[in-house]
Amino acid sequence: MLYNKSMGEVITQNQIKEVLGSLKTSGKKIVVTNGCFDILHVGHVKYLQKSKSFGDILIVLLNSDKSVKLSKELFAKLTSFRLKHPKNKLDSE
């Protein structure tokens, strides 16, 4: 779903293509970003403000709980590997 601030409503997936097409036709620059915003903090707000500065319309995609969990698990494994092997091939590339 997409929240359309100017229309004050949530837009369904079926309506997104039509709305985006009309925005593009009117010359609006559309910016898309994504993330996990379960606990909104100043870093998120700055990130979203910067993202919005690149265009007229900002679309924020929310990561699913499953994708966030997977991402955190992969990051933890990579961090653990780097701590155990500080001088590895990844650093020389």
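Computed from the coordinates by the stated procedures, all read-outs in this text should not be read as laboratory data. Just so it is clear, the model here is predicted, and its values are computed rather than measured. Positions of Cβ are generated from backbone atoms using ideal geometry, with glycine treated the same way; all protein chains shown enter the neighbour counts.
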Over 23 Å between Cα atoms: which of Lys28/Lys69; Lys24/Lys52; Lys28/Lys52; Lys52/Lys77; Lys29/Lys50 fall into that group?
Lys28/Lys69; Lys52/Lys77
Leu83 paired with Leu61, simple spin-label distance in nm, labels 7 Å along Cα-to-beta-carbon:
3.2 nm
Separation of the Ser53 and Lys72 label points, Cα + 7 Å toward Cβ, nm:
3.0 nm
Val31 and Lys46 label points (each 7 Å along its Cα→Cβ direction) are spaced in nm at 1.5 nm
